[in-house]
1. Once all Cα-Cα distances of the stretch 129-268 are split into 10 Å bins that start at 0, what whole-number percent is in each one?
2. Given VAL142, TRP41, HIS90, which one lies farthest toward the positive end of the charge dipole of the stretch 1-142, if we put +1 on the Cβ of every Lys and Arg and -1 on the Cβ of every Asp and Glu?
3. Mind pulling the angle between the C-alpha long axis of helix 277-288 and the longest principal axis of the chain? Nearest 10 degrees, somewhere in 0 to 90.
4. Can you give me the long-range amide H partners of GLY263? Hydrogens built in the peptide plane at 1.01 Å from N, cutoff under 5 Å, separation of 5 or more residues or another chain.
5. Taking all pairs of different Cα atoms in the stretch 113-186, averaging 1/r and flipping that mean, what Kirkwood radius in angstroms comes out?
6. Rolling a 1.4 Å sphere over the protein heavy atoms, what is the accessible area per residue of the chain, to the nearest Å²?
7. Can you tell me the convex hull volume per residue for the stretch 55-138, based on C-alpha atoms, in Å³ to the nearest whole number?
8. Roughly how far apart, in whole Å, are the Cα centres of the stretch 299-329 and the stretch 65-129?
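The values are calculated or read from the model by the stated rules, or taken from the named source; none is laboratory data. Since this is a predicted model, take the numbers as computed values, not measurements. Glycine also receives a Cβ, built like all others from the backbone with ideal geometry; neighbour counts cover every protein chain displayed. Surface accessibility is based on the protein's heavy atoms, side chains included, excluding ligands, DNA and RNA. Shrake-Rupley method; radii C 1.70, N 1.55, O 1.52, S 1.80 Å.
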Amino acid sequence: MKLASLKDGGRDGTLIVVSRDLSRAAPAEAATTLQTALESWAETAPALKAQSDALNEGAAEGGFAFDPETCAAPLPRAYQWADGSAYVNHVELVRKARGAEMPESFWSDPLMYQGGSDTLLGPRDPIVAADEAWGIDFEAEVAVITDDVPAGTGPETAGEHIRLLMLVNDVSLRNLIPGELAKGFGFFHGKPPTAFSPVAVTPDELGAAWDGRKVRLPLLSHLNGELFGRPDAGVDMTFDFPQLVAHAAKTRPLGAGTIVGSGTVSNLDRSVGSSCLAEVRMLETIDRGKPSTPFMSFGDRIRIEMLDAEGRSIFGAIDQELRRRDAAN
């Protein structure tokens, strides 16, 4: 099934069930918000699935045309948003571009940071920044949403707690990050609000593309209407989602509604392009000594989407314009 949250339901949105082809929707009958649905998933999921089946069969009552413009993030705010860096190839490029060796432990111990989760952006909300000099970049990713995960859950059982998947634009302010990392206390100003796809989907919606660990489909990024990258999310993923969830739960329980991200999707094959501007700039630095691709400018638009084997959108598209803060609506 596919679930979304309308913006008309207060800070946590109003939960709706969306048809598989993303054309129709209906108010969810089993829960008013996605958060409440996740907190009682064993009870709500069967009812939500029955409503989803009826909607897909054209038998649901109270349906309406689905419009991503009306959507908040599936979870408009979350108790926890933890983003990993599962594509170690991407991390290695970052360090190589600045002439640094990558610690061997990076191949066995995932990197992860805790992002701001009090304000998560909908798929059509603008990226807002005050200054282009901040080095504004998009990052196309995949994320999972969990139910309650006990502390110490291992990777062999962590996958059982994955309830939904969605797409991510983990916006980064690249020129602010180095100064923050130099303080030795992680990101803060360098990570503004993150955006998510119109719908979150249960793993079965991915069919054979989901093996319980990875999503084996290309993730498409279009910058100003031009294809920027199409790396496969299932290729070169050093740490799969159960491993990332287990890493997050090593010393603490994860509450229902925790979002765990994959980090920037990246493939060793350069011909498929990249999922962020920083990676292109790193490759340019490695090849030619300096980057030539600029970061985003006000008025730029980024679109992030994933299509199934028949070319149909699975999650709907994240489609955002970059706006100057004083000009944003």
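1. Calculated P(r), rounded to whole percents: 11, 36, 36, 15, 1.
2. TRP41
3. Value to nearest ten degrees: 30.
4. GLY84, ALA86, VAL142
5. Evaluated over the stretch 113-186, this radius sits at 15.2 Å.
6. Ligands and nucleic acids excluded, the figure is 43 Å² per residue.
7. It comes to 185 Å³ per residue, whole-number rounded.
8. 16 Å
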